[in-house]
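**Q** Structure in structure tokens, see below.
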Amino acid sequence: MKKLVLVLLGVLALLASAGICTATPASDFYTRGGDKYDIDWDLCRTRCRYEDGFFQVSDSTFRPAIAFESVGEFENIAWKAGENFGNRFSDKNERAEHIFNYVRDHVTYTSDAVQFGYDEFARNADEVAEEIELSGSARGDCEDYAILLAVMFNAAGLRSAVVLAPEHAAALVYLPDYPGANTYWEFKGEKGWVWAEATGRTNPLGWTPSKLMRSDLTAYEIGEEGVLTPSGESEQIASGGGGGIFFGGSSFFSLLLFLWLLSLLGRRRR
């Protein structure tokens, strides 16, 4: 009996040590130049711009780098939650709706300034998912919703992307047969991408805010990539709602950055 107990304890110890080696929500941060970085990936959490920013925004492109802290070799809490929905629902539309409703109903929109005291402070999908798991709910702003949704959709076997708009971020999920959208988006030459805007408690999957429906925006598909090493590119998306205003190339991102910086200045004045 004692030998059996010792064997079981040894197995548990091995499992525990294996768990330590897997990706976990970042719990340690350091400060450099007034910005916060996570220790595990050296990704800046308080700035969206440049190669080490959480969205790697430049004048001509963007990449949601923080999403890749929760996929591939770093799959963990959020990925497992998405997989569970994938195992429970065989129909893709139903699966996507349940994931969307889960995130919408378990995350309360809260600005980063209120929650963290920074104008921007992005969290990875596992950090938000862990808060839900431990407390029953979490707080976050638009990029937190977008990243969690994109990772969970991907884990459930659905193609997903993060879309960037002036002062806003959301998720896209590829559902060409989904009946409930108010517009459908074309991305990578494929029609049938559906907007996932979970920041409002009554929002349904597929609802795109009217102010964005006639705009060409840009999106980045989620897959297995290094956190700071891109292997894909962002691309324009266009609403299927009948044409729109085109913001091409760097002019779009110049406008985006100008509006984003303007909003930050406005927040500081209040």
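The values are calculated or read from the model by the stated rules, or taken from the named source; none is laboratory data. The shown structure was predicted, so the numbers you read here are calculated from the model rather than taken from an experiment. Cβ placement follows ideal geometry from the backbone for every residue including glycine, while neighbour counts extend to all protein chains displayed.
**Q** Can you tell me which residue is surrounded by the fewest Cβ atoms within 10 Å (Cβ to Cβ) among those in segment 184-201 that are touching a Leu at 6+ places or on another chain (Cβ under 9 Å) and over 23 Å from GLU233 (Cβ atoms)?
**A** Per the criteria, the residue is GLU197.
**Q** Shifting gears a bit: Residues being closer than 28 Å to ASN76 by Cα and either among the hydroxyl-bearing types (Ser, Thr, Tyr) or assigned to a loop (DSSP other than H, G, I, E, B) (or both): count how many of those fall in segment 142-173.
**A** Number of matching residues: 6.
**Q** Would you please list the contacts, defined by Cβ atoms under 9 Å and residues six or more apart or on different chains, that run from a residue in segment 191-216 that is on the phi > 0 side of the Ramachandran plot to a residue that is surrounded by fewer than 17 Cβ atoms within 10 Å (Cβ to Cβ) and part of a loop (DSSP other than H, G, I, E, B)?
**A** What qualifies is GLY192/PRO176; GLY192/ASP177; GLY192/GLY240; GLY206/PRO179; GLY206/GLY180; GLY206/ASN182.
**Q** Can you find a residue that is crowded, with 23+ Cβ neighbours inside 10 Å and part of a helix (DSSP H, G or I) anywhere in segment 47-65?
**A** Checked against the condition, which is being crowded, with 23+ Cβ neighbours inside 10 Å and part of a helix (DSSP H, G or I), segment 47-65 yields at least one hit.
**Q** Here's another thing I want to ask about it. Which condition number in (1) more than 18 Å from the chain's Cα centre (by Cα); (2) not in a loop (DSSP other than H, G, I, E, B) is the one that TYR118 fails?
**A** Failing condition for TYR118: (2).
**Q** Would you mind finding the one in ALA96, ALA113, ALA81, ALA129 that is over 18 Å from the mean Cα position of the chain (by Cα), assigned to a helix (DSSP H, G or I), surrounded by 15 or more Cβ atoms within 10 Å (Cβ to Cβ) and among the hydrophobic types (A, V, I, L, M, F, W, C)?
**A** Of ALA96, ALA113, ALA81, ALA129, the one residue that is over 18 Å from the mean Cα position of the chain (by Cα), assigned to a helix (DSSP H, G or I), surrounded by 15 or more Cβ atoms within 10 Å (Cβ to Cβ) and among the hydrophobic types (A, V, I, L, M, F, W, C) is ALA113.
**Q** LEU212 fails exactly one of the following numbered conditions: (1) under 18 Å from the mean Cα position of the chain (by Cα); (2) surrounded by 13 or more Cβ atoms within 10 Å (Cβ to Cβ); (3) at pLDDT 85 or above. What is the number of that condition?
**A** Among (1) under 18 Å from the mean Cα position of the chain (by Cα); (2) surrounded by 13 or more Cβ atoms within 10 Å (Cβ to Cβ); (3) at pLDDT 85 or above, the lone unmet condition for LEU212 is (1).
**Q** In addition: Please specify each residue of segment 174-190 satisfying the condition of being in contact with a strand residue (DSSP E or B) (Cβ under 6 Å, 6 or more places away or on another chain), free of Cβ contacts under 8 Å to residues at least 40 places away in the same chain and in a loop (DSSP other than H, G, I, E, B).
**A** Scanning segment 174-190 gives PRO176, ALA181.
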